[in-house]
Amino acid sequence: RPRVFSGIQPTADSFHLGNYLGALRHWVALQDSHDAYYCVVDLHAITAGHDPSVLKRRSRLAAAQLFALGLDPERSTLFVQSQVPEHSQLAWVLGCITGFGEAGRMTQFKDKSQKQGSERASVGLFTYPILQAADILLYQANAVPVGEDQRQHLELSRDLAQRFNSLFGRTFTVPSPHIVKDTAKITDLQDPAAKMSKSSSSPAGIIDLLEEPARSAKKIRSAVTDTGREIVFDAEGKPGISNLLTIYSALSGRSIDDLVAAYDGKGYGDLKKDLAEVVREFVTPIQERTNAYLNDPAQLDKLLARGAEKARSVAAGTLRDAYERVGFFPPV
Ligand code: ATP
Ligand code: MG
């Protein structure tokens, strides 16, 4: 079976609809066809400053949500990154074959460091995509389900795999991004030009999976829409309403064309009201299942420890090969 790997940062209490529609629903779907490795990337989550008293809780919340969304511990290996030290070890080696200028071209670093003030941005934020490449390459992943914002990082992962292979001998599978266009960039409800983001969207711009459905309904009601009153899909001309249609279509399974036909002659308010209901129906069972996992943290930690053990057995093999090729001593 082909391998799949992906990760998500525990940078908020809840995941949002962009995370789910752009990435997580593909994680769930790919467990059927792939040997699946998924990771709560807590090492990545400390690159932009964090609070130690909340990080572990957020990692558990992340795992609980992932199981609640349908990751099956029998079919997928879900683990927390900090429990598998090989990630940092391989990242160092890959960092040594990455050009400084090459890393400097990553647009996520430019955006995030600018927001923090470039003098204050950490070196970890700069080397983040190299750690991400290590995450992926350790598992010899063929496919990496992510949103559009990760395309450039995936390109770097491919380049580093190829470069290492040609410098030191064939070691890594060259991974392909798995980006499903329709929902690859869910936008901020208040700013249809920006992607919905855990760390940079305003609360009003983001629909969290774990928030009260009444709160989501309110945000959908006040979502920025476009001039005119016609409900049509036009990502450039009407980005606000098109984003709502994208979310509606993906959550309900109805095609955009079907929705546009159904709302012919109706107003933005009707669409928003119905979308809020679709969101409520979607999140309610997920919230219940998430709480069930959180109510038994010992069991949750046990599932994660088992995942880390399985992940480590793969990661250690890959790291051993990479060390050998580079000319290091084997681990003792
Ligand atoms: P942060 O703001 O802390 O970077 P994030 O919301 O970007 O958080 P990540 O943990 O960085 O979330 O990314 C997890 C996955 O969700 C990635 O595959 C990413 O591409 C995807 N993703 C994030 N935001 C969106 C979005 N708005 N639309 C589609 N996919 C998204
Ligand atoms: Mg992100």
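Structure notes:
- Annotation for region 222-283: trypsin sites (Lys or Arg not before Pro) lying in DSSP loop with at most 16 further Cβ atoms inside 10 Å of their Cβ are Arg229, Arg254, Lys266.
- Taking the inverse of the mean 1/r over every pair of distinct Cα atoms in region 54-130 gives a Kirkwood hydrodynamic radius of 15.1 Å.
- The P(r) of region 146-248 has a tail past 21 Å containing 49 percent of all C-alpha pairs.
- Selection of trypsin sites (Lys or Arg not before Pro), region 294-329, meeting DSSP coil and at most 13 other Cβ within 10 Å: none
- Seen from Val54, the other residues with C-beta closer than 14 Å to its C-beta sum to a net charge of +2, counting Lys and Arg as +1 and Asp and Glu as -1.
- Once backbone amide H atoms are built at 1.01 Å from N, Arg3 has Asp35, Asn142, Ala143 as its partners under 5 Å, excluding neighbours fewer than 5 places away on the same chain.
- For Asp182, the solvent-accessible surface computed with a 1.4 Å probe is close to 130 Å², ligands and nucleic acids excluded.
- For region 51-153, applying the loop criterion from DSSP together with a ceiling of 16 other beta carbons within 10 Å to the trypsin sites (Lys or Arg not before Pro) yields Arg75, Arg105, Arg120.
- Gyration tensor (alpha-carbon) shape descriptor, region 122-191, a/c threshold 1.5: oblate
- Per-residue extension of 0.36 nm, minus the Cα-Cα distance of Leu167 and Glu230, leaves a gain of 17.0 nm for this segment.
- Bridging of Lys195 to aspartates and glutamates at a Cα separation below 18 Å is possible for Asp111, Glu148, Asp149, Asp182, Asp208, Asp226, Asp234, Glu236, once same-chain residues fewer than 8 apart are set aside.
- Placed amide H near His16: partners under 5 Å, 5+ positions off or other chain: Leu209
- Quarter of the Cα convex hull surface for the chain, i.e. its orientation-mean projected area (nm²): 17.6 nm²
- For the chain, the fraction of 1.4 Å probe accessible surface lying on carbon and sulfur atoms is 51 percent.
- Cα-Cα over 27 Å, subset of Lys181/Lys310; Lys115/Lys310; Lys56/Lys272; Lys185/Lys272; Lys56/Lys198; Lys112/Lys181: Lys181/Lys310; Lys115/Lys310; Lys56/Lys272
- Local electrostatic count at Tyr263 - Lys and Arg +1, Asp and Glu -1, tallied over other residues with Cβ under 15 Å: -3
The values are calculated or read from the model by the stated rules, or taken from the named source; none is laboratory data. The shown structure was predicted, so the numbers you read here are calculated from the model rather than taken from an experiment. In this analysis, Cβ positions are derived from the backbone assuming ideal geometry, glycine residues included, and neighbour counts consider all displayed protein chains. We work out accessible area using only protein heavy atoms, side chains counted, and drop any ligands, DNA or RNA first. Shrake-Rupley method; radii C 1.70, N 1.55, O 1.52, S 1.80 Å.
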